[in-house]
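Read the figures in this text as sums done on the coordinates, not as results from a lab. Everything quoted here is computed from the prediction, not taken from an experiment. Cβ atoms come from the backbone with ideal geometry, glycine included; neighbour counts cover every protein chain shown.
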Amino acid sequence: GEDVEQSLFLSVREGDSSVINCTYTDSSSTYLYWYKQEPGAGLQLLTYIFSNMDMKQDQRLTVLLNKKDKHLSLRIADTQTGDSAIYFCAERGNQGGKLIFGQGTELSVKP
Amino acid sequence: SAVISQKPSRDICQRGTSLTIQCQVDSQVTMMFWYRQQPGQSLTLIATANQGSEATYESGFVIDKFPISRPNLTFSTLTVSNMSPEDSSIYLCSGTQGGPEAFFGQGTRLTVV
């Protein structure tokens, strides 16, 4: 079945760039997503990318997609302490709107 | 974009009882989903809530344990039946409107004691 994998932890210094990586197995993915979850909160959609794109930029966020290698990354420029959260990668196949989530990457930003 | 209001936001329940979680969307959504997030884990899809018909359950989830209703295009409920401590999780509903965006409620944090 479909699978999405992420590294579990990332620690960066404030002001540095963060890069969170994700790999997936479903070759029929239509969209790929990045969600942010702060402690005790729900899921906030950060950005998404259509599977026939290779890059999308939105303010401090840059998403890169390598469809051949089924690799997705999220780069956060000038990382702030408020960016500390768990970041989930998710993919959507071509059967309905359900999402398959990765395990989440806990980003810790140190001052 | 759609805003999904989910309630209750949290609850502590006795084992053997049932809890019904409600999701209300401020605009029509074509598809609605229910996910479970066990402590420290990722989100797992429980089922797709189908309007006016029985929900479509994922492997490992059954209707007797997680009955779902979806009477119209803006409302759905999930019931967690005959609860045990293993059901302690965050339950989230999600909706899509035919486009790429998938919206989530704030989640219901359930603790079973």
**Prompt:** Taking N as the number of residues in the stretch B:30-82, what value does Rg over Cα atoms divided by 2.2 N^0.38 Å take?
**Reply:** 1.11
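Give the average, rounded to an integer, of partner chain Cβ atoms located within 10 angstrom of each Cβ in B:32-38.
2
Residue B:53 to residue B:101: extension gain in nm, 0.36 nm per residue of separation minus the Cα-Cα distance?
Numbers: separation 48, 0.36 × 48 = 17.28 nm, distance 2.40 nm.
Extra length from residue B:53 to residue B:101 when fully extended: 14.9 nm.
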**Prompt:** What is the Cα centroid distance between the stretch B:31-85 and the stretch A:1-76, reported in whole angstrom?
**Reply:** 26
**Complete:** Summing +1 per Lys or Arg and -1 per Asp or Glu among the other residues with Cβ less than 14 Å from residue A:87's Cβ gives -1
**Request:** Work out how far the C-alpha atoms of the stretch B:1-62 reach from end to end along every principal axis, then list the three figures in whole Å, largest first.
**Result:** 34, 26, 24
**Message:** Test of understanding: extend the Cα→C-beta vector of residue B:2 to 7 Å, then name every residue of the stretch B:85-108 with backbone N under 13 Å from that spot.
**Reply:** B:93-105
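Rg/Rh for the protein assembly as shown to two decimals, with Rh computed the Kirkwood way over all alpha-carbon pairs.
0.97
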**Asked** Taking the Cα centre of chain B as origin and charging only Cβ (+1 Lys, Arg; -1 Asp, Glu), how large is the dipole, in debye to the nearest 20?
**Response** 220
**Message:** Given Cα positions, please report Rg to Rh for chain B, the hydrodynamic radius being the Kirkwood one.
**Reply:** 0.95
**Complete:** Cα-Cα pairs in chain A separated by more than 21 Å, as a whole percent of all pairs, come to 31
**Item:** Point-to-point label distance, residue A:78-residue A:59, nm (Cα→Cβ direction, 7 Å offset)
**Value:** 1.1
**Fill in**
To the nearest 20 debye, the protein assembly as shown has a Cα-centred charge dipole, built from +1 on Lys and Arg Cβ and -1 on Asp and Glu Cβ, of 200
**Item:** Any cysteine of chain B lacking a neighbouring Cys Cβ under 4.7 Å - listed by number
**Value:** B:13
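Is there a simple number for the mean count of other chain Cβ atoms within 10 Å of the Cβ of residues in A:91-102, and what is it?
5
With 28 Å as the limit, write out which pairs from A:70/B:65; A:110/B:7; A:67/A:98; A:70/A:110 have Cα-Cα distances beyond it, or answer none.
Check vs 28 Å cut-off fails for A:70/B:65; A:110/B:7; A:70/A:110.
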**Asked** Normalised by the number of residues in chain B, what is the relative contact order in percent for Cα pairs under 8 Å and 6+ residues apart?
**Response** 37
**Request:** Would you please calculate the Kirkwood hydrodynamic radius of the stretch B:49-110 over all C-alpha pairs and express it in Å, rounded to one decimal?
**Result:** 13.0
**Prompt:** With charges only on Cβ, +1 for K and R and -1 for D and E, what is the dipole size of the stretch A:1-95 about its Cα centre, in debye, rounded to 20?
**Reply:** 200
